[in-house]
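Let me begin by presenting the structure, written as structure tokens, before commenting on it.
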Amino acid sequence: MLLRPWRRSQTWWELAYTQLGFLTATVTFSVVITLLATTAGLLIVLPLAIPFAWLLFVVAEWFGRMERSRLRGTLGIDLAGPHAPESGSWWAKLKARAGSGTRWREIGFLIASFPVTAIGFTVTVVAWSGSAALLALPAYLEALPNDTARFGLFDLTWGPEVAGAVALGLIGLVLIAPWTTVGVAAFETAMARRLLGPAPDLELSRKVERLEASRTAAVDSAEAERRRIERDLHDGAQQRLVSLAMGLGQATERFDSDLDTAKELVVEAHGEAKAALGDLRDLVRGFHPAILEDRGLDAALSALAARAPVPVTLNVDVAERPSLSIESTAYFVVTEALTNVAKHAKATRASVSIVRRADRLVVEVTDDGVGGADPLAGSGLRGLTERISSVDGWMQVLSPDGGPTTILVELPCGS
């Protein structure tokens with residue numbers, strides 16, 4: 001038990017982590033405290049403080065990622081990024097960051113890490129080097145002036161005290177220094193978990209909120225889908241089937257008295273039957289195209305792009321297929337986006353890109369139209385937002401007046 005630090009390689013990684021931490025903390029503390037002090041000093045002249053505040057949050061986020069990467073690389077501790085996705089203008093993002101507790105906890109870590117790592121660095125260096133110096137004392141004592149080693153308040157010369165110093169050095173090197181390293185690393189990593197990672201209570205609360213929002217969005221999306229199906233059936237296939245039934249009824253009445261008219265009515269009914277089949281086929285395709293399940297997003301979107309009224313450039317880089325629900329969501333994102341391009345954008349071309357990166361599926365749809373798309377104004381984009389939220393994804397619409405319009409969607413697809 002007492003020798004456990006010597007039996008684990010993690011101890012040496014912890015030693016490297018504590019020693020390098022002081023060097024990185026010196027740099028990050030200097031930069032962050034300078035930006036923070038400058039921002040605070042310029043608050044009286046708010047416009048001058050804005051660029052420094054923006055730079056403060058950008059630099060702090062970059063340093064936070066660096067520290068999480070250092071934790072992962074040296075100690076194998078993987079901390080998730082604590083910040084929620086942001087959308088809107090740069091001013092909206094700046095206000096969101098200024099009011100974000102995770103941003104200020106990150107800045108607090110970068111400031112507090114300097115004194116903490118300085119103390120940890122000093123303690124571990126003294127524990128290891130001091131123990132080694134005491135253990136090796138007999139080898140260099142004669143080379144010191146007057147054969148005396150001075151350790152602060154204590155002077156050691158040849159005699160029993162040297163033997164005691166050697167014993168103390170051995171104990172320090174075998175027990176004190178390794179356990180000091182373990183303790184310092186545990187304290188520093190605990191601080192990093194608390195300030196650089198998601199807050200447990202806050203993360204749980206956010207997860208509950210997301211689940212509740214996803215459930216509500218799923219119910220609303222299902223209700224909207226039900227109304228759409230009802231409307232499409234009423235306006236399309238149902239009307240054609242009614243017309244078909246009336247035509248066949250009239251043809252039945254005229255078979256005996258007017259065979260030629262009856263044949264014409266049957267021909268018209270046949271056309272209505274084929275049109276009704278076409279409407280039903282389009283309706284079913286809106287549910288879930290068979291080609292999507294059989295051949296994946298590339299084939300399904302190629303067919304969709306071929307039917308689009310504007311030229312569409314398609315790029316699909318999905319080596320490993322995600323789950324069917326994520327594929328369906330991505331397909332409907334592109335379907336709705338291209339429908340909006342055809343109806344509202346007045347575009348001459350569009351591009352669709354779908355790329356899988358690790359556990360995220362990124363969908364981007366861009367057109368060169370007039371812009372001005374608002375997710376809150378139209379039912380189509382609002383429905384997309386609800387559908388995407390139901391699978392824990394997020395969407396951002398960039399559509400300034402005059403164009404172009406870009407719809408960016410990220411969907412989780414980890415297996």
Could you tell me the distance between the Cα centroids of segment 303-374 and segment 60-126, to the nearest Å? 35 Å
Show the residues, 5+ positions off or on another chain, whose built amide H is closer than 5 Å to the amide H of Leu314. Val352
Computed label-point distance, nm, for sites Glu268 and Val318 using a 7 Å Cα→Cβ extension: 4.5 nm
Can you pull the three principal axis extents for the Cα set of segment 55-133, in Å, largest first? 60, 24, 17
Give a residue-ordered list of calculated ³J(HN,Hα) values for segment 13-20 (Karplus: 6.51 cos²θ - 1.76 cosθ + 1.60, θ = phi - 60°; whole Hz; x for Gly, Pro). 5, 5, 5, 4, 5, 5, 6, 5
Between Arg360 and residues 5 or more places away or on another chain, which pairs have amide H atoms under 5 Å apart, with H built 1.01 Å from N, and which residues are they? Cys413
Apply the Karplus parameterisation 6.51 cos²θ - 1.76 cosθ + 1.60, with θ equal to phi minus 60°, to every residue of segment 59-69 and state each ³J(HN,Hα) to the nearest whole Hz, in sequence, with x for glycine and proline. 5, 4, 5, 5, 5, x, 4, 4, 5, 5, 5
What list of ³J(HN,Hα) values in whole Hz, one per residue of segment 78-87 in order, does the Karplus curve 6.51 cos²θ - 1.76 cosθ + 1.60 (θ = phi - 60°) give from phi, with Gly and Pro shown as x? 9, 9, 6, x, x, 8, 6, x, 10, 9
Within straight-line cross-link reach of Lys263, lysines at Cα separation under 19 Å, skipping those fewer than 8 residues along the same chain: Lys274
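Applying a 10 Å radius around every beta-carbon, put 171-184, 347-360 in order of their mean neighbour count, most first.
Details: 171-184: 19.1, 347-360: 16.3.
Output ranking for 171-184, 347-360: 171-184, 347-360.
Quick note: the coordinates plus some simple rules give every number you see, no bench work behind them. Treat the numbers as computed from the prediction; the structure is a model and nothing was measured. Cβ sites come from the backbone with ideal geometry, for glycine too, and all protein chains shown count toward neighbours.
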